[in-house]
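The values are calculated or read from the model by the stated rules, or taken from the named source; none is laboratory data. Computed from a predicted model, the values in this text were never measured in an experiment. Positions of Cβ are backbone-derived with ideal geometry, glycine not excepted, and every protein chain shown enters the neighbour counts. Protein only, heavy atoms only, side chains kept; ligands, DNA and RNA dropped before computing areas. Shrake-Rupley method; radii C 1.70, N 1.55, O 1.52, S 1.80 Å.
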Amino acid sequence: MSYNVQAGSGGYAGWKILERTMVKQRSAFLKSHDIRVSKDYFQKNIQNIKTAEELVNDRKLLVVVLRAFGLDSDVNNKFFLRKVIESDPADKGSLVNGLADKRYLALNQGLALHFSSEGQGARVDVGAIIEKYESRSFERNIGERHAEIELALNAQRELLNIATSDASENTKWYQILASKPLRQVFEGAYGIGTGFSSLSIDRQLSELKVRTERLTGSNSVSQFESGDGLDLVLRHFLLRSQMSVSSGSSRYANALALLRA
């Protein structure tokens, strides 16, 4: 039996509902038949995989792995995924280090697949991948009805990872700009138009820093490790998303809530 996560009518109101019911709903969702079957298959079979080619050719395993790293849409890109997995993360000139989207680097590192010439197989942190799979599956289920809440949940997790990294502040901002889901959140929160992506990357960086400081009082990404900064960004994003699908008096109420945020 499947379970659909409930978040009211979505937007910021739905976000608050989800906050109050998250633990109970997540527990119910993870008991869903499809989730349990996929997890069991992965746990029983992943350690038998000896090459990247074997992994990409086992669709059931691949679906779990790609979901864990937010790369569901790549399920049919077998050749590309094989090259990503086999790429050397220690080589600055390797394929995986040349990709702007760092989800592929996370995939490479998270699998920790080390194939020797004798084909000794894979060393995989099964628990870590299952945990990521559960979280993203929960978010994806919500996103089928409320895409804005899925984006907010993803941002809540991914911004924490970026904020706590050892990278410079500018590098952290560039990582945000390179992530389509995170860009959507910041562009939505600040009401940035479609022409933003046509600006130079340095201009985009400058604009995000200025607008973030105007909203939160700081232009650092590190502030999103804790505190009110992230909550402010997500609140503005969700309220603006809610406004875009509202009409009449509800739109005026949302606009007032945004001004008060």
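Scanning segment 163-180 for residues that are over 10 Å from the mean Cα position of the chain (by Cα) and open to solvent by 20 Å² or more (accessible area, probe 1.4 Å) returns Thr164, Ser165, Asp166, Ala167, Ser168, Glu169, Asn170, Thr171, Tyr174, Gln175, Ala178. Taking segment 70-95 as the range and being open to solvent by less than 70 Å² (accessible area, probe 1.4 Å) and within 14 Å of Gly110 (Cα to Cα) as the test, the residues that pass are Gly70, Leu71, Leu81, Val84, Ile85, Ser87, Pro89. For beta carbons closer than 8 Å, sequence separation of 6+ or different chains, a first residue in segment 52-63 that is β-branched (Val, Ile, Thr) and a second that is assigned to a helix (DSSP H, G or I) and open to solvent by less than 80 Å² (accessible area, probe 1.4 Å), the qualifying pairs are Val56/Leu62; Val56/Leu81; Val56/Arg82; Val56/Ile85; Val63/Ser38; Val63/Asp72. In this structure, Arg183 does satisfy being closer than 21 Å to Gly98 by Cβ and either part of a helix (DSSP H, G or I) or open to solvent by less than 60 Å² (accessible area, probe 1.4 Å) (or both). Scan segment 113-136 and give yes if some residue there is in a helix (DSSP H, G or I), small (Gly, Ala, Ser) and at pLDDT below 90, otherwise no. No, segment 113-136 has no match at all. With respect to the conditions (1) at pLDDT 95 or above; (2) hydroxyl-bearing (Ser, Thr, Tyr); (3) loosely packed, with under 12 Cβ neighbours inside 10 Å, Ser226 lacks only one, and its number is (1). Please give the number of the condition Arg67 fails out of (1) basic (Lys, Arg); (2) in contact with a Ser or Thr (Cβ under 9 Å, 6 or more places away or on another chain); (3) closer than 25 Å to Ser179 by Cα; (4) open to solvent by 70 Å² or more (accessible area, probe 1.4 Å). Among (1) basic (Lys, Arg); (2) in contact with a Ser or Thr (Cβ under 9 Å, 6 or more places away or on another chain); (3) closer than 25 Å to Ser179 by Cα; (4) open to solvent by 70 Å² or more (accessible area, probe 1.4 Å), the lone unmet condition for Arg67 is (4).
Inspection of segment 144-151 identifies at least one residue that is within 30 Å of Ser38 (Cβ to Cβ), open to solvent by less than 30 Å² (accessible area, probe 1.4 Å) and not in a helix (DSSP H, G or I). A search for C-beta distances below 8 Å between a residue of segment 196-209 that is touching a residue at least 24 places away in the same chain (Cβ under 8 Å) and any residue that is open to solvent by less than 70 Å² (accessible area, probe 1.4 Å) and of a type outside the set (Phe, Trp, Tyr), counting only pairs 6+ apart in sequence or on different chains, returns Ile201/Leu177; Gln204/Leu177; Leu205/Asn170; Leu205/Leu177; Leu208/Ile176; Leu208/Leu177; Lys209/Asn219.
Here Tyr104 meets the list (1) open to solvent by less than 20 Å² (accessible area, probe 1.4 Å); (2) over 16 Å from Leu232 (Cα atoms) almost entirely, failing just condition (1).
For Leu182, state whether it is touching a Pro at 6+ places or on another chain (Cβ under 6 Å) and aliphatic (A, V, I, L, M).
Numbers: touching a Pro at 6+ places or on another chain (Cβ under 6 Å): no; aliphatic (A, V, I, L, M): yes.
Taking the combined requirement at face value, the residue does not satisfy it.
Selection of first residues in segment 155-183 that are in contact (Cβ under 8 Å) with a residue 40 or more places away in the chain and of second residues that are aromatic (Phe, Trp, Tyr), restricted to Cβ pairs under 7 Å at least 6 apart or on distinct chains, gives the following pairs, ordered by first then second residue: Leu159/Phe224; Leu160/Phe224; Ala163/Phe224; Ile176/Phe186.
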